[in-house]
Amino acid sequence: MSTIQLNGAPRPLAAGTTLADLVTDVTGRELLPTGKPADGGRLGVAVARNSGIVPRSQWAVTALQRHDDIEIVTAVQGG
Amino acid sequence: MTQTLTQAEPLVIDGIALGSRLIMGTGGAPSLDGLGAALVASGTELTTVAMRRYSAPGPGSTGGTNLFDLLLENNIRVLPNTAGCFTAREAVMTAELGREALETDWVKLEVIADEHTLLPDALELVEATEALVERGFKVFAYTNDDPVLALRLEQLGAAAVMPLGAPIGTGLGILNPHNIELIVSRASVPVILDAGIGTASDAALAMELGCDAVLLASAVTRAQDPVAMAQAFRHAVIGGRLAAQAGRIPRRTHALASSAMEGRPDL
């Protein structure tokens with residue numbers, strides 16, 4: 001089965017999965033095609049794919065490839 | 001008069017007016033509820049966060065979207081940092097993630113040399129400042145208490161320079177007040193005393209030395225009573241700024257009586 005790396009751990013990849021699908025799956029928030037949450041709030045996450053930032057506006061049109069290295073980050077306590 | 005003084009002069013950075021000159025960090029708090037109460041008690045309008053891997057929010061979670069929501073709910077602007085970065089390359093990438101996630105081009109730039117001192121690596125800091133300014137960021141540069149470096153960072157386009165009082169988390173206060181004064185005297189961007197603050201008098205001293213604001217985290221989040229300590233800092237920053245503007249008396253070697261010697265009764 002195809003896999004990707006998500007935040008340092010392997011994860012199965014179903015064919016046709018987009019970055020938007022992955023972000024929704026991980027955060028539990030439905031997304032508009034713009035990448036903003038459908039609930040009108042703010043998502044507060046960013047995504048890097050193979051060490052390059054993917055803007056939220058591109059999530060819905062970015063199909064995941066096997067062996068992609070994805071990092072989903074957010075604000076945590078610090079500083 | 002004093003009310004006017006404190007209220008009429010917000011801290012303005014990048015055209016944004018901040019009513020409080022106390023900038024808070026969020027590190028070290030044992031719970032999100034406790035952190036929220038301390039942030040509200042501090043009166044802060046700007047608070048730093050770190051960028052880390054997403055993990056689903058749950059009971060007792062100290063991260064996830066909970067923290068971002070907490071700040072949004074309390075109308076506190078978020079200042080993403082680059083804590084944990086050792087190189088300019090990592091810091092630029094982390095800043096980009098913060099900008100994308102939190103929709104702000106403000107960044108607290110932290111590029112540290114090693115985990116024991118957590119002191120800024122001057123060379124990487126300069127390189128990262130240059131790169132981030134080029135990319136349109138408003139850089140709050142966490143720096144050594146070095147007047148030469150602070151000026152360099154300003155010349156490179158930093159929106160604010162943030163000299164340390166002492167190494168992060170030490171609570172040692174302001175180890176080199178003279179350098180902080182020198183930095184302030186030559187800066188034309190806001191100077192924010194960052195790191196090393198232990199208690200309220202340290203923050204008051206920073207303001208008396210002429211700093212425009214104070215940034216602290218551990219001194220509140222690791223205090224026995226974080227809410228009470230947050231209130232103490234809120235007042236200390238206001239008091240220190242008022243004192244700086246009020247013009248202190250000169251230091252004297254010998255005593256100077258405050259009661260007149262003339263007119264004493266013959267006892």
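The values are calculated or read from the model by the stated rules, or taken from the named source; none is laboratory data. Just so it is clear, the model here is predicted, and its values are computed rather than measured. So basically every Cβ, Gly included, is an ideal-geometry build from the backbone, and we count neighbours across all protein chains shown. Areas reflect the complete protein model, heavy atoms only, side chains present, ligands, DNA and RNA absent. Shrake-Rupley method; radii C 1.70, N 1.55, O 1.52, S 1.80 Å.
Brief remarks follow.
- The number of residues in region A:24-37 that are open to solvent by less than 60 Å² (accessible area, probe 1.4 Å) and either small (Gly, Ala, Ser) or more than 9 Å from chain B (Cβ to nearest Cβ) (or both) comes to 4.
- Hey, residue B:206 in a helix (DSSP H, G or I), buried (at least 24 other Cβ atoms within 10 Å of the Cβ) and aliphatic (A, V, I, L, M) or not: yes
- Count - residues of region B:168-178 that are at negative phi and crowded, with 18+ Cβ neighbours inside 10 Å: 2
- For first residues located in region B:95-115 and without any contact (Cβ under 8 Å) to a residue 40 or more places away in the chain, partners that are open to solvent by 10 Å² or more (accessible area, probe 1.4 Å) and acidic (Asp, Glu) and lie 6+ apart or on another chain with Cβ distances below 7 Å form the pairs B:99/B:105; B:111/B:121; B:111/B:124; B:112/B:121; B:113/B:121.
- Note on region A:1-19: among residues that are more than 22 Å from residue B:66 (Cβ to Cβ) and either facing chain B (nearest Cβ under 9 Å) or open to solvent by less than 20 Å² (accessible area, probe 1.4 Å) (or both), the one that is modelled with the highest pLDDT is A:19.
- Residue A:46 vs. criteria buried (at least 21 other Cβ atoms within 10 Å of the Cβ) and modelled with pLDDT of 95 or more: yes
- Picking from residues in region B:16-38 that are out of contact with any Pro (no Cβ under 9 Å at 6 or more places or on another chain) and buried (at least 24 other Cβ atoms within 10 Å of the Cβ), the one that is farthest from the other protein chains (Cβ to nearest Cβ) is B:22.
- Residue match in region B:41-56 (condition: open to solvent by 10 Å² or more (accessible area, probe 1.4 Å) and modelled with pLDDT under 80): yes
- Filtered residues of region B:74-89 (kept if of a type outside the set (Phe, Trp, Tyr) and away from chain A (no Cβ under 11 Å)): B:74, B:75, B:76, B:77, B:85, B:87, B:88
- Spans of strands (runs of 3 or more DSSP E) in region B:61-165 with at least 3 residues of a type outside the set (Lys, Arg), open to solvent by less than 30 Å² (accessible area, probe 1.4 Å) and closer than 18 Å to residue B:28 by Cα: B:77-80
- Being closer than 20 Å to residue B:92 by Cβ, open to solvent by 20 Å² or more (accessible area, probe 1.4 Å) and more than 11 Å from every other protein chain (Cβ to nearest Cβ) is a condition met by at least one residue of region A:65-72.
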